[in-house]
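> Below are the structure tokens for one structure; questions will follow.
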Number of protein chains: 2
Amino acid sequence: MAVNLTAPTADALLPVAGIKLATASAGIKKPGRQDVVLMELAEGSETAAVYTRNAFCAAPVILARQNQKQAASRYLLINSGNANAGTGESGMQAAKQCCQVVADLTGVDASAVLPFSTGVIGQPLPVEKITAVLPEAKDKLSENNWLQAAQAIMTTDTVAKARSMQLELGGKTVTITGMSKGSGMIRPDMATMLAYITTDAAVSHAVLTTMLHKAMNQSFNRITVDGDTSTNDACVLVATGKADNKLIDSITSEEGERLLSVLTDICRYLAQAVVRDGEGATKFISINVKQGQSQEECRMAAYAIAHSPLVKTALFASDPNWGRILAAVGRSGIDNLDVSTVSIHIGDVCIVDKGQPASDYTEQKGQSVMDEAEIDITVSLGRGQAEDSVWTCDFSYDYVKINAEYRT
Amino acid sequence: MAVNLTAPTADALLPVAGIKLATASAGIKKPGRQDVVLMELAEGSETAAVYTRNAFCAAPVILARQNQKQAASRYLLINSGNANAGTGESGMQAAKQCCQVVADLTGVDASAVLPFSTGVIGQPLPVEKITAVLPEAKDKLSENNWLQAAQAIMTTDTVAKARSMQLELGGKTVTITGMSKGSGMIRPDMATMLAYITTDAAVSHAVLTTMLHKAMNQSFNRITVDGDTSTNDACVLVATGKADNKLIDSITSEEGERLLSVLTDICRYLAQAVVRDGEGATKFISINVKQGQSQEECRMAAYAIAHSPLVKTALFASDPNWGRILAAVGRSGIDNLDVSTVSIHIGDVCIVDKGQPASDYTEQKGQSVMDEAEIDITVSLGRGQAEDSVWTCDFSYDYVKINAEYRT
């Protein structure tokens, strides 16, 4: 059901020097499924991470944040099938135990291990099932397990999400490979958005952190399926430095800008893949709001459209019901919005021209663009130079079905 | 399908001295349907009104606002089947023409007529069809047509919404009768929330305006079906003064407080009726957030729960998926929320106790409260004395069906 999204082939996912991965089957939710990923980061790697801002964040999120402050990260431990969220103090102990076992197996300090969980909320993490397979995972660590890892972190995802790109930096080939999972922005009972992007480029910690935030703002922070955010969301960026390029210690250097550009492309692909695989999605919607006084007001209008259940159900029905888009812009909370300067396009069809119904609009024109699987909505506010974009999907019977019936 | 809501009988709707109503069939959308309401307000009536804050408001909203400033209102003209929204300058002319015909028939100035429209957006208002039936409507004006009027303003509503109450003020019997329509907070293609509440009490204009805002804040401003607001929403409160009570010119007088209390009850009934008849609703949900530092933060948390598609689909499925409620509170944007002071109940079942999963919670207990048609969700923030409540409904297949397939 995913919209124009297919899983990558194993060959398309390039190894990143300094990154090894392994998967294992702990039987957390379904017997036999690969549901544990261990990722090893070479010594000297730099790590930046962004975590959910949800006040009820899961135990692994709290622990990962703490550990990252205390030590250079050497291992990421990810499990699907159980979110270890809403589990209180015992959930924290469970996360710590898992990290300790990785530490004991590998000889690093437990604070060098970052834990991540995604799956059912409010159920005890089966620590022993997970720790039992960690020796096997350690033995299987390899640079070539990206596709298996991308599959192992899936929950309600229908398609594995991963991508590689390369660029030249000062005569050295630099590789970026990343993977993501998530099919609602939140599924506190079963999912979450997780993303892991790695590169062998040498990048200073400060620049890596800035790059992550900049790339996130053009990607994961611009997608929405249902407006919710999860207890477990996390995005991690690792730079191993093994490409032997000259250290990038300035975001505005020519190398820094080129690396950020490719990194942003990967993040945008991985973020859009989450939307394309959105629960019940049948359409991929790009919403661009321009000519605003500030990026913030453009974003407000874009999210008002993207979160409107009325717009989303009309998109599902391929109904050129432009009144709903207009009404969403009107209620988006932009100060002193003068509708007489607002124009709205769906694809290249003008539906509102400076606040008035477009004189050459016909239902037939509207229908032709709404029938597409990928739909662009453009709003011109006519009051400034700022712009912003978000990506979302439609709202179908299957969204209700997936979310109403998941636990039954 | 409405949740515990039945239409009133004609006998239950008490005439209000000074208010006459009539309906007529203009065939705006469906031939033969009563789709026009004319309401006459006795000379000397006071009128207060609140209109949509949507920047793209419909022509009748713009005109009603203007007219109300210019003259004492004497007639309300309401049509269903066409919203006269997104119709530009010609829509404004259409609304003016309708008001002028009422004015010509009744001998008042056109500015004494307030127009209201609800229905399909973006289509020309059939002015001639409407004005053709106005003489008939004028001839039929009667104090006893409340039920017919409540039926005539319905769009996707499945149940007519109206209520009467009486109280004694200084030895005089005062009557309040009101009606509302709406089954989504917005249906820019077909609906809107409209409410008309009338009383024969004598109330000063300033007090009436204050009463309307206070009553709205405990009723229509606390309901949500899908988080949208419409281009056409309006709520009108009329006091004819025919009950011959001593003029209420203070909101804090004993009479003022008693009248406000009954008025608020009526508004709450009419507002909750909109939710009970929410598109596809199978459950009526009351969300109360207490122990907040401010009413505003309580409201933020309540709306975060009420607007979460994940919470709403779980409610539809009677799934005690408390993780979704917890996650909605966590992301609601309350500053420095300390989850260790937060407790959450569904009905009388504690699901989260001071930030931890309630130790005595069982899935069976959760299921028993979720199986009910009326569900109370209570969140105790544990950081103050403020509280606020909102009412909403669940999110069902039928919501998608109604909104995806409406225009086909």
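> I'd like to check something: does the range B:102-121 contain any residue that is buried (at least 24 other Cβ atoms within 10 Å of the Cβ), closer than 30 Å to B:Asp249 by Cα and either among the acidic types (Asp, Glu) or without any contact (Cβ under 8 Å) to a residue 60 or more places away in the chain (or both)?
Looking for residues that are buried (at least 24 other Cβ atoms within 10 Å of the Cβ), closer than 30 Å to B:Asp249 by Cα and either among the acidic types (Asp, Glu) or without any contact (Cβ under 8 Å) to a residue 60 or more places away in the chain (or both), one finds at least one in the range B:102-121, hence yes.
> Would you point out which residue out of B:Thr240, B:Thr282 is within 28 Å of B:Pro60 (Cβ to Cβ) and not aliphatic (A, V, I, L, M)?
Residue meeting the stated conditions: B:Thr240.
> On to the next question. Assuming A:Thr47 fulfils every condition listed in (1) within 14 Å of chain B (Cβ to nearest Cβ); (2) surrounded by 19 or more Cβ atoms within 10 Å (Cβ to Cβ); (3) not hydrophobic (A, V, I, L, M, F, W, C) apart from one, which condition is it?
Of the numbered conditions (1) within 14 Å of chain B (Cβ to nearest Cβ); (2) surrounded by 19 or more Cβ atoms within 10 Å (Cβ to Cβ); (3) not hydrophobic (A, V, I, L, M, F, W, C), the odd one out for A:Thr47 is (1).
> Quick check on the range A:381-400. Is at least one of its residues facing chain B (nearest Cβ under 10 Å) and either part of a strand (DSSP E or B) or charged (D, E, K, R) (or both)?
Yes, the range A:381-400 has at least one match.
> Search the range A:274-283 for residues being in contact with an Asp or Glu (Cβ under 9 Å, 6 or more places away or on another chain) and of a type in the set (A, V, I, L, M), and hand back the single one that is nearest to A:Phe316 (Cα to Cα).
Step by step, filter the range A:274-283, then rank; the result is A:Ala281.
> Here's a follow-up. Taking the condition buried (at least 24 other Cβ atoms within 10 Å of the Cβ) and not small (Gly, Ala, Ser), does B:Glu279 pass?
So B:Glu279 passes the test.
> Which of the residues belonging to the range A:260-274 are at pLDDT 95 or above and touching a helix residue (DSSP H, G or I) at 6+ places or on another chain (Cβ under 7 Å)?
Within the range A:260-274, A:Leu260, A:Leu263, A:Thr264, A:Cys267 qualify.
> All but one of (1) more than 9 Å from chain A (Cβ to nearest Cβ); (2) within 27 Å of the chain's Cα centre (by Cα); (3) not aliphatic (A, V, I, L, M) hold for B:Ser368; state the number of the condition that does not hold.
So the condition that B:Ser368 fails would be (2).
> Separate question: Are any residues in the range B:303-345 of a type in the set (D, E, K, R), in a loop (DSSP other than H, G, I, E, B) and within 7 Å of chain A (Cβ to nearest Cβ), and if so, which ones?
Selection gives B:Asp319, B:Arg331.
> If B:Ala271 passes every condition in (1) buried (at least 24 other Cβ atoms within 10 Å of the Cβ); (2) within 14 Å of chain A (Cβ to nearest Cβ) but one, which one does it miss?
(2)
> Right, next: For the range A:286-302, enumerate the residues that are assigned to a strand (DSSP E or B), surrounded by fewer than 22 Cβ atoms within 10 Å (Cβ to Cβ) and not polar (S, T, N, Q).
Matches in the range A:286-302: A:Lys290 only.
> I need the full set of residues from the range A:91-109 which are part of a helix (DSSP H, G or I) and more than 14 Å from chain B (Cβ to nearest Cβ), in order please.
A:Ala95, A:Lys96, A:Gln97, A:Cys98, A:Cys99, A:Gln100, A:Val101, A:Val102, A:Ala103, A:Asp104, A:Leu105, A:Thr106
> In the range A:40-69, what count of residues is obtained for those that are part of a loop (DSSP other than H, G, I, E, B) and under 23 Å from A:Trp146 (Cβ atoms)?
Matching residues across the range A:40-69 total 4.
> Quick one: would you say B:Ala72 is without any contact (Cβ under 8 Å) to a residue 12 or more places away in the chain, in a loop (DSSP other than H, G, I, E, B) and among the aliphatic types (A, V, I, L, M)?
Considered against the rule, which asks whether it is without any contact (Cβ under 8 Å) to a residue 12 or more places away in the chain, in a loop (DSSP other than H, G, I, E, B) and among the aliphatic types (A, V, I, L, M), B:Ala72 comes out as no.
> Now, a different point. Of the numbered conditions (1) in contact with a helix residue (DSSP H, G or I) (Cβ under 6 Å, 6 or more places away or on another chain); (2) among the charged types (D, E, K, R); (3) more than 7 Å from chain A (Cβ to nearest Cβ), B:Asp348 fails exactly one; give the number of that condition.
Single failed check for B:Asp348: (1).
> Quick check: anything in the range A:365-377 at pLDDT 95 or above and buried (at least 18 other Cβ atoms within 10 Å of the Cβ)?
Yes: one or more hits.
> Right, something else. From the list B:Val16, B:Val37, pick out the single residue that is of a type outside the set (Lys, Arg), at pLDDT 95 or above, buried (at least 24 other Cβ atoms within 10 Å of the Cβ) and outside any loop (DSSP other than H, G, I, E, B).
Testing whether each residue is of a type outside the set (Lys, Arg), at pLDDT 95 or above, buried (at least 24 other Cβ atoms within 10 Å of the Cβ) and outside any loop (DSSP other than H, G, I, E, B) leaves just B:Val37.
> Tally time: how many residues in the range B:157-181 are crowded, with 21+ Cβ neighbours inside 10 Å, among the hydroxyl-bearing types (Ser, Thr, Tyr) and closer than 18 Å to B:Asp35 by Cα?
Residues meeting the conditions: 1.
> Right, here's the next one. With respect to A:Asp233, is the statement that it is acidic (Asp, Glu), surrounded by fewer than 23 Cβ atoms within 10 Å (Cβ to Cβ) and out of contact with any Cys (no Cβ under 6 Å at 6 or more places or on another chain) true?
Judged against the criteria, A:Asp233 is not a match.
> Within the range B:235-242, identify whether any single residue is within 14 Å of chain A (Cβ to nearest Cβ) and in a loop (DSSP other than H, G, I, E, B), and answer yes or no.
no
> For residues that are at the interface with chain B (Cβ under 9 Å from one of its Cβ atoms) and not aliphatic (A, V, I, L, M), tally how many sit in the range A:50-90.
Matching residues across the range A:50-90 total 9.
> Conditions: (1) acidic (Asp, Glu); (2) under 28 Å from the mean Cα position of the chain (by Cα); (3) more than 21 Å from A:Glu297 (Cβ to Cβ). A:Asp348 meets all but one. Number of the miss?
Only one criterion is unmet by A:Asp348, namely (2).
The values are calculated or read from the model by the stated rules, or taken from the named source; none is laboratory data. Predicted, not measured: the structure shown is a model, and the values here were computed from it. With ideal geometry, Cβ positions are generated from the backbone for all residues, glycine too; neighbour counts draw on all protein chains shown.
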